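Since the structure comes first, as structure tokens, the remarks are kept for the end.
All of the numbers you see were taken from the coordinates with simple rules; none came from a lab. Values in this document were obtained by computation on a predicted structure and should not be read as measured data. Here the Cβ is made from the backbone with ideal geometry for all residues, glycine too, and neighbour counts use every protein chain on show.
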There are 2 protein chains.
Amino acid sequence: MSYRVMSAELHEHIGESVRIAGWVHRRRVLARVTFLIVRDRAGLAQVVVPAGVPVPPEESVVEVTGTVVANEVAPGGHEVAYGALEVLSEAEAPPVELFRPELDAGLPALLDHAAVSLRHPGRRAVFRAGAAAVGAFRATLDGLGFTEIFTPKIVGGATESGANVFPLDYFGRRAYLAQSPQFYKQTMVGVFERVYEVGPVFRAEPHDTSRHLAQYTSLDAELGFVRDHRDVMAVLTRVVRAMVEAAGLGAVQMPPEIPVLHFTEALEIAGADPHEPDLAPEHERALGAWALEKHGSDFVYVEGYPMTKRPFYTHPQPSDPRWSNSFDLLFRGLELVTGGQRRHRYADYLAVLGDEAAALEGYLAAFKHGMPPHGGFAIGLERFLARLSGAGNVRETTLFPRDLHRLTP
Amino acid sequence: MSYRVMSAELHEHIGESVRIAGWVHRRRVLARVTFLIVRDRAGLAQVVVPAGVPVPPEESVVEVTGTVVANEVAPGGHEVAYGALEVLSEAEAPPVELFRPELDAGLPALLDHAAVSLRHPGRRAVFRAGAAAVGAFRATLDGLGFTEIFTPKIVGGATESGANVFPLDYFGRRAYLAQSPQFYKQTMVGVFERVYEVGPVFRAEPHDTSRHLAQYTSLDAELGFVRDHRDVMAVLTRVVRAMVEAAGLGAVQMPPEIPVLHFTEALEIAGADPHEPDLAPEHERALGAWALEKHGSDFVYVEGYPMTKRPFYTHPQPSDPRWSNSFDLLFRGLELVTGGQRRHRYADYLAVLGDEAAALEGYLAAFKHGMPPHGGFAIGLERFLARLSGAGNVRETTLFPRDLHRLTP
């Protein structure tokens, strides 16, 4: 039997007999001929089948042997003239019509039928772009001397805050799903200096919004021996640039230097009350518009958020400890990345934690035994993909989302 | 201030003034001089400090400026002659002596003090090898047209079996931590044909053994359009060879062809009762010894395990359905990888699942709507690393292990 040829390679085989395999993407039975569009992982191929030859319904899996023929009016300029067809598995009628340029179904239906709707070339392209972006995240950090780590997702206590954790029965004890690898990645700076982790994080989000999920993929990085958060931002900018390029989902405005605003400037530009302790979504949108107009940038950094609004491990701004050495990276007017410099002195942790220090003994061990100035960031993969692909809801850029209502498929 | 130079690059800077930074790996105060060994992410550097200059205790984080001097008797043939020293953070005495060639502490102590014990160069090397092996897993599969996926770790029902799952309170509903991405990776074969996932899996193992963990890192792959499980084994062999080479942890015997035994032959070689339904640990050890002696191989495949001992999605051996198209890959006499061809026909699933089919509706949707013959495998990262590094316990090759008793650090 001839070697399987992918749809995207057919142009190299004009005049040859080949074998292709894939799903019946579309079947058009005309009076004198049947057009079969076969979808494989690389794309689509048109097969011309003589009338009378039985052809299985859409989404059936087939192997077709035939001759590649140049044809100007065929998609891609060539088609396969039928020789033989074997049905590997016959499909029931799909719940959505995958051959349409856009899927004609609401989000709940798409998610309920994810096993089929994800096969749509448009949907598939988004997740392939996501995989490429994650690859670029790792490749960029590998090139900078980072080491990949794998840390526990079951923890004895909450990491980011006491709220929004999923409790778990752990051999009869109470445990929690990790909200982030924050403590572990900081600890591992003590081992490798520069670390990253790509993995699931869990938030028991009680709100049903278009940007929150109960599980998402967090791209975490942390690095030691920084001067301050600006060194962290420099690494993040390289990472995000590589991710955007690898994803290849349309034009993104990203100048050589991403504009940076201090929190106080950001409030002013957004027209907010100067005493606001945080940026509201409408402020973020205003800053996104400002960055695009003034700097031709889809990205803008806001640094120096008030200490009161950042977690306890955040390093204060040395010149004025009301503000922090933390930052957010906004992408098209929405927070995409949070990061900053962390505290690295044991005494500082004891002072800020007070009575809570005892419960965090394992985490504090790293600081007790010597930690360099360090910082890091976390990128939400689904949110990045949503913003990049123009999806209005992170559920569209998650293979099988989990939220307040959804636990299947 | 001069640019930071890594310890491993010092030989390129003989005669120059440099800045190095890292942890005080060892401090040896002699009468006329103090030797300071500084550890950074790349290795160790010796600094010669004049007597009388105060030097912080071990594990403190320092920046040292000085001149690189060739010295035949210094480690690596060079050392840094002290110019200035800044203490970035002073450490309390470490709970284990990191400068010794081997850590002098039992496993519980090493794990309790993971934040410090992982800094030991020997420990660190194992986890860096693990990161390299995971990189090789991905690179090999990327090269074969696989796509990376990220799937839910919170699921509505058990995947592998009803036992050994962690129950979870999911917004007031009962849910479980995923025991494997099995159903999702099969579903995604319908989308991308070839997929992989690197992620945590969870097993509520009630047994306290040296080879089981409550959370481990599973390297999962699944591919469509296979003839049978032998195509899966061919991919696995390439993957494992690349992982072993990338890890670089000592000599591994891996001939061009890994020997393959049918389950019935394996029983015979192991001297087991021919009616045994599975291989016991002593049988696996005997097969490991056989493969090394007869084939000069640390690896041996066993295929054709009895259907009764394999999960419901396992494809039977077409020539004799008592046996299955599944396999294990043994590494030095221990099961390292389990894999096989899966069932791909919807009717087969309905027949084998009977009344249980309704509960798996989401999973079965993929088969209802067309799936090719496919198969896959899962490699346990910690077990691979343990076998490769000669560690007797998988807890030694897990950064922060989770088991029946351990939930911290």
| said: Rounded to the nearest 20 debye, what is the charge dipole size of the protein assembly as shown about its Cα centre when +1 sits on each Lys and Arg Cβ and -1 on each Asp and Glu Cβ? | reply: 60
| request: Only Lys, Arg, Asp and Glu count, each charged at its Cβ (+1, +1, -1, -1), so figure out the dipole size of segment B:7-89 about its Cα centre, rounded to 20 debye. | output: 300
| query | Top mean-square fluctuation among A:Pro206, A:Pro101, A:Pro57, Gaussian network model of chain A, C-alpha springs under 10 Å? | reply | A:Pro101
| Net charge dipole size for chain A [Lys, Arg +1 and Asp, Glu -1 on Cβ; Debye, nearest 20] | 520
| field | Label point 7 Å beyond Cα of B:Gln253 along Cβ direction - residues of segment B:269-312 with amide nitrogen under 19 Å | value | B:269-271, B:282-302
| Taking the simple approach of a point 7 Å from Cα along Cα-to-Cβ for both B:Ala42 and A:Ala280, what is their distance in nm? | 5.1
| How many angstrom separate the Cα center of segment A:22-43 from the Cα center of segment B:169-198? | 30
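Order of B:Lys294, A:Lys185 from fewest to most other C-beta atoms within 10 Å? Write out the running numbers ahead of the final one.
Details: B:Lys294 11, A:Lys185 23.
Least to most surrounded, the residues fall as B:Lys294, A:Lys185.
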| message | Students often forget the sequence filter, so: which aspartates and glutamates lie under 13 Å Cα-Cα from A:Lys294 once same-chain residues fewer than 8 apart are removed? | response | A:Glu257
| Span-rule helices in chain A, defined as complete DSSP H runs reaching 18 Å or more along the axis (Cα) with Kyte mean at least 1.6 | none
| note | Listed with the fewest Cβ neighbours within 10 Å leading, A:Ile379, A:Ile14, A:Ile258 appear as A:Ile14, A:Ile258, A:Ile379
| field | 24 Å Cα-Cα threshold exceeded, pairs from B:Lys185/B:Lys368; A:Lys153/A:Lys185; B:Lys185/B:Lys309; A:Lys368/B:Lys153 | value | A:Lys368/B:Lys153
| query | Gaussian network model of chain B, Cα springs within a sub-10 Å range: biggest mean-square fluctuation belongs to which of B:Thr65, B:Thr237, B:Thr217? | reply | B:Thr65
| If you find the alpha carbon centre of segment A:330-409 and of segment B:105-127, how far apart are they in angstrom? | 26
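Over segment B:116-397, calculate the relative contact order: mean separation of alpha carbon pairs under 8 Å at least 6 apart, over the residue count, as a percent. Could the numbers behind the result be given before it?
Working: 527 pairs, mean separation 54.2, N = 282.
In percent, rounded to a whole number, it is 19.
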| query | So for the pair A:Val69, B:Asp142, with labels modelled 7 Å out along Cα→Cβ, what separation do we get in nm? | reply | 4.1
| task | Work out the FRET efficiency for B:Asp273 and B:Phe312 from their Cβ-Cβ distance, taking R0 = 30 Å, and round it to the nearest 0.05. | result | 0.70
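Could you work out the per residue convex hull volume over the alpha carbons of segment B:116-397, in cubic angstrom?
Details: hull volume 40.7 nm³, N = 282.
Taking only Cα atoms, segment B:116-397 has a hull volume of 144 Å³ per residue.
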| note | With the label set 7 Å along Cα→Cβ, B:Ala125 is separated from its counterparts in the other copies, in nm and shortest first, by 4.9
| query | Peptide B:225-237: average number of partner chain Cβ atoms within 10 Å per residue? | reply | 1
| Taking chain B as a Gaussian network, Cα atoms linked when under 10 Å apart, which of B:Thr338, B:Thr264, B:Thr209 shows the biggest mean-square fluctuation? | B:Thr209
| query | Which residues in segment A:293-325 have a backbone N closer than 13 Å to a point placed 7 Å from the Cα of A:Asp228 along the Cα-to-Cβ line? | reply | A:303-305, A:315-325
| In whole Å, what is the distance between the alpha-carbon centres of segment B:275-323 and segment A:79-99? | 37
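Would you mind ranking A:Thr67, B:Thr308, A:Thr397 by Cβ crowding within 10 Å, fewest neighbours first?
Working: A:Thr67 15, B:Thr308 9, A:Thr397 24.
Going from sparsest to densest Cβ surroundings: B:Thr308, A:Thr67, A:Thr397.
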| query | How crowded by other chains is B:395-402, given as the mean number of beta carbons from other chains within 10 Å of each beta carbon? | reply | 4
| task | Give the residues of segment A:365-409 whose amide nitrogen is closer than 15 Å to a point set 7 Å from the Cα of B:Arg174 in the direction of its Cβ. | result | none
| request: Could you work out how far apart the two model spin labels at A:Asn164 and A:Arg345 are, taking each label as a point 7 Å from the Cα in the direction of the beta carbon, and quote it in nm? | output: 3.1
